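Taking it in order: structure first as structure tokens, then the write-up.
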Amino acid sequence: MYTSRRNLPPSMVNNSKITDSIISHGCFLDSCRIEHSVVGVRSRIGSNVHLKDTVMLGADYYETDVERGELLAEGKVPIGIGENTTIQKCIIDKNARIGKNVTISNSEGVEEADRTSEGFYIRSGITIVLKNSVIADGLVI
């Protein structure tokens with residue numbers, strides 16, 4: 001068995017509701033609701049985000065506030081989940097960038113779909129967001 005010690009700060013959780021979930025080290029959660037989910041290291045979750053039945057693997061590195069500000073000013077998406085986003089029954093791989101006002105819920109009940117060019121696919125009704133992918137603002141899956 002191999003382990004390595006991470007020197008990460010404790011997670012910062014502001015005004016959030018967490019139910020039956022696991023939150024790893026070094027996360028930033030702001031005014032969100034997380035149910036029956038796992039949130040991995042260095043995850044950033046914006047305000048008014050609802051995660052349910054989701055596994056988020058986190059990030060390999062932090063983006064500084066300056067880097068995040070520059071990305072937002074350029075209309076790009078920083079690592080993590082943007083505000084006003086709803087995600088259900090999803091696996092989010094490392095370093096994924098999910099924009100604002102995104103809905104990932106597979107409400108149509110699609111069992112199989114390949115949209116790797118758009119950064120995700122669906123297997124057995126579960127949406128998988130690929131590593132290092134970008135889900136644009138306002139996308140509905």
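Considering only alpha-carbon pairs that sit under 8 angstrom and 6 or more positions apart, the relative contact order computed for segment 1-74 is 22 percent.
Peptides 30-36, 19-25 ranked from most to least packed by the mean count of surrounding Cβ atoms within 10 Å: 30-36, 19-25. Between Ser117 and Glu35, the distance separating the two model label sites (each 7 Å from Cα on the Cα→Cβ line) works out to 3.6 nm.
The slack in the chain from Val66 to Asn48, taken as 0.36 nm per residue of separation less the alpha-carbon distance, amounts to 4.2 nm. Of all DSSP bridge pairs formed entirely within the chain, close to 20 percent run antiparallel.
Projecting the Cα positions of Gly80, Gly119, Ile98 onto the charge dipole of the chain (unit charges on Cβ atoms of Lys, Arg, Asp and Glu, taken about the Cα centre) puts Gly80 furthest along the positive direction. Normalising by residue count, the chain has a Cα convex hull of 120 Å³ per residue.
Each value in this text was obtained by applying a stated rule to the coordinates, not by laboratory testing. Note that the structure is predicted; figures quoted are calculated from it, not measured. Please note: Cβ atoms are built from the backbone with ideal geometry, for glycine as well, and neighbour counts cover all protein chains shown.
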